[in-house]
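A short write-up of the structure that comes next.
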Number of protein chains: 2
Amino acid sequence: MPTPSIPSTHTDLLDAPVATLGTIAPDGRPQLSAVWFLNDDGVVKISLNVARQKTKNLTANSAANLFILDTANPARYLELRGDATLEPDNDYAFADRVGAKYGGVNLRDMDGPDGKRVVVTITPVRVNAVDLSR
Amino acid sequence: MPTPSIPSTHTDLLDAPVATLGTIAPDGRPQLSAVWFLNDDGVVKISLNVARQKTKNLTANSAANLFILDTANPARYLELRGDATLEPDNDYAFADRVGAKYGGVNLRDMDGPDGKRVVVTITPVRVNAVDLSR
């Protein structure tokens, strides 16, 4: 099945500062967290520390949702429902690209010396681009 | 088990204009939507049209998450992970209370003449009050 595309009315939200990541917690309930993310040529990618529960959730169950609210107009949002693939980012190459988006933050400083990160790529099977204000 | 309480640092978010509701879609993936909600004396309640997929999701699986982002400071958020209970709101008594919060909106106008609504109450089993900016 081809990956559904994001309508041009909502592609600006791929450059928003924050998104909400939905995963499935061990008890089966949805777990939601605010995350930094990167728009990699239209593909949404997140840098996660492997020690975090949301990363463990995705390792156990790839079901994921990236939800981006237009904070200036909360009637407008983009929902990317799909699956996450995780790849090692041992040298922080991707984490550094995310840090650059956020004013040059060094994500190593958040993780401590034993930190390990993965690149999480969200591949949507369903895209909902909503604007209730129109 | 007693319902976990919301720390006073984050109770103001119960009066925010918008929240993100997480449910479990029929395919097992998290489904996220922006929702209006009401702070009913510290208890979070939502008015949903029964015809919407998120309402069907909650009828099939009560697992729910209400996530409130501080849109003025997206490093701060409140996550209420728990279960939803649904009660009929055939006379729109609760929907009218929600409409009053949103400047006197009549939710019947959104639903059409055959609309049916339920009151969705979120009972958290876990509360995450996050402020990464502190």
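Bear in mind that the values in this text are calculations on the coordinates, not laboratory data. Only a predicted model underlies this, so the values are computations on that prediction, with no experimental measurement involved. Here Cβ is always computed from backbone atoms with ideal geometry, including for glycine, and neighbour counts include all displayed protein chains.
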Calculate, for A:Asp12 and B:Ala72, the FRET efficiency according to 1/(1 + (r/R0)^6) with r their C-beta to C-beta distance and R0 22 Å; round to the nearest 0.05. 0.65
Cα gyration tensor shape of region B:61-106, rounded if a/c is under 1.5, else prolate or oblate by comparing a/b with b/c: oblate
Taking the Cα of A:Val43, stepping 7 Å toward and past its beta carbon, and measuring to each backbone N in region A:80-94: which are under 14 Å? A:83-88, A:94
If r is the Cβ-Cβ distance from A:Val127 to A:Arg97 and R0 is 22 Å, what FRET efficiency results, to the nearest 0.05? 0.40
With eigenvalues of the C-alpha gyration tensor scaled by 5 and rooted, the protein assembly as shown, Å: 31, 20, 18
Among residues other than B:Leu86 whose Cβ falls under 14 Å from its Cβ, what is the net charge (Lys/Arg +1, Asp/Glu -1)? +3
With n ≥ 4 as the cut-off for DSSP H runs, can you work out [θ] at 222 nm for chain B, using -39500 (n - 2.57) per run divided by the number of residues, rounded to the nearest 500? -4000 deg cm²/dmol
For region A:21-37, 3J(HN,Hα) per residue [Karplus equation, 6.51 cos²θ - 1.76 cosθ + 1.60, θ = phi - 60°, Hz, x = Gly/Pro]: 9, x, 10, 9, 6, x, 7, x, 7, x, 10, 10, 9, 7, 9, 6, 8
Any idea how far apart B:Leu86 and B:Thr3 come out in nm if each label point goes 7 Å out from Cα toward Cβ? 2.0 nm
About the Cα centre, and with charges only on the beta carbon of Lys, Arg (+1) and Asp, Glu (-1), how big is the dipole of the protein assembly as shown? Nearest 20 debye, please. 340 debye
At R0 = 51 Å, how high is the FRET efficiency between B:Asn106 and A:Asp111 if r is their beta carbon distance? Nearest 0.05 is fine. 0.50
What's the percent breakdown of Cα-Cα distances in chain A across 5 Å bins, shortest bin first? 2, 10, 20, 23, 20, 15, 7, 2, 1, 0
Taking square-rooted eigenvalues a ≥ b ≥ c of the alpha carbon gyration tensor, is region A:28-96 rounded, prolate or oblate, where a/c under 1.5 means rounded and, failing that, a/b exceeding b/c means prolate? oblate
What shape does region B:83-134 take by its C-alpha gyration tensor, where a ≥ b ≥ c are the square roots of the eigenvalues and a/c under 1.5 counts as rounded, a/b above b/c as prolate, and the rest as oblate? oblate
So which of B:Lys56/B:Lys116; A:Lys56/B:Lys56; B:Lys54/B:Lys101; A:Lys56/A:Lys116; A:Lys45/A:Lys101 end up more than 19 Å apart by C-alpha? A:Lys56/B:Lys56; B:Lys54/B:Lys101
What are the label-to-label distances in nm, one decimal and shortest first, from B:Ala75 to the same spot in the other copies, with labels 7 Å along Cα to Cβ? 3.2
